[in-house]
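The values are calculated or read from the model by the stated rules, or taken from the named source; none is laboratory data. Predicted model, so just to flag it, every value in this text is computed and none were measured. Note that we place each Cβ from the backbone using ideal geometry, even for glycine, and neighbour counts take in every protein chain shown.
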């Protein structure tokens, strides 16, 4: 046994060197609020799935406050040399950090809306500004959502969409939704709310004004903050809600069409793998989110007491009971 000892020691040293020689990647994660955490979880799981175990993350979370998000972007620009990659939750965060200064560290969007409208790149095929990521198509899919809504609720003629006109994603998605409403015979009225008190007042009085449902358009404000309250009040006042993420169906939304934040983040991890292994951002094109799906919350629908087309379930990809 003694003659094999030196050999075992050498093997042990070689393996030890291999383990310690793996690079430690430092990634900053910049999100506007807790509503983006599904994307972050998918992203970190995706990195592990690709074998990137030696990853050190630092979080910059804006608590859904524009002032704080802007301040964090400025801090992150000053600290960017500490990181190999900056992963951002959406287009808003990418816009804030791009506006804060010269980007030297690659920025990866874990799932962004209206990327061209935000002017985050000149081309999705050849990223510029040192920014790339996953285009979740949440604005572009609004027409399909309106079409599906009409098939599911053929008796509903007027709906509200909550939007914030100061954000490009919200403006773009709302414009598409209104146009799609005209195409499919649905009156779509955008409403900007300032706080939860105003939101409850509007939802509680919707039916008196002839509005019978809500379609949620993508925006950091609704995704991070308002959606929880919209679903709460809508269920209380028996108002159907059509969401943009299947993940929200599990939280009580009645129906949704799109991809979940987790899936977007997981997809973005594969792009991060290329960048961390030395591929310049300009050679990592933006990717469209894979396989949008239609999800329905059967229990929440049953509790609504609202008529809907039961044949609609033939289109559904996922049913939450």
Check your understanding: Looking at (1) within 20 Å of residue 32 (Cβ to Cβ); (2) out of contact with any helix residue (DSSP H, G or I) (no Cβ under 9 Å at 6 or more places or on another chain); (3) surrounded by fewer than 18 Cβ atoms within 10 Å (Cβ to Cβ), which is the one condition that is false for residue 201?
Key -> (1)
Check your understanding: Mind checking whether some residue in the stretch 187-196 is within 19 Å of residue 140 (Cβ to Cβ) and in contact (Cβ under 8 Å) with a residue 60 or more places away in the chain?
Key -> no
Review point. Taking the stretch 35-63 only, how many residues are more than 19 Å from residue 134 (Cα to Cα) and either assigned to a loop (DSSP other than H, G, I, E, B) or out of contact with any strand residue (DSSP E or B) (no Cβ under 6 Å at 6 or more places or on another chain) (or both)?
Key: 6
Practice item. Answer with yes or no whether residue 73 is part of a helix (DSSP H, G or I) and either within 15 Å of the chain's Cα centre (by Cα) or in the same structural domain as residue 219 (by TED's automatic domain parsing) (or both). Key: no
Point to revise | Residue satisfying all of: in the stretch 262-290; under 20 Å from residue 143 (Cα atoms) and touching a helix residue (DSSP H, G or I) at 6+ places or on another chain (Cβ under 8 Å); modelled with the lowest pLDDT among these | key: 290
Practice item. Give the residue that is farthest from residue 231 (Cα to Cα), with candidates limited to residues of the stretch 286-312 that are surrounded by fewer than 20 Cβ atoms within 10 Å (Cβ to Cβ) and in contact with a strand residue (DSSP E or B) (Cβ under 7 Å, 6 or more places away or on another chain). Key: 287
Exercise for review: For residue 97, state whether it is crowded, with 24+ Cβ neighbours inside 10 Å and either closer than 18 Å to residue 263 by Cβ or not assigned by TED's automatic domain parsing to the domain that holds residue 68 (or both).
Suggested key: no
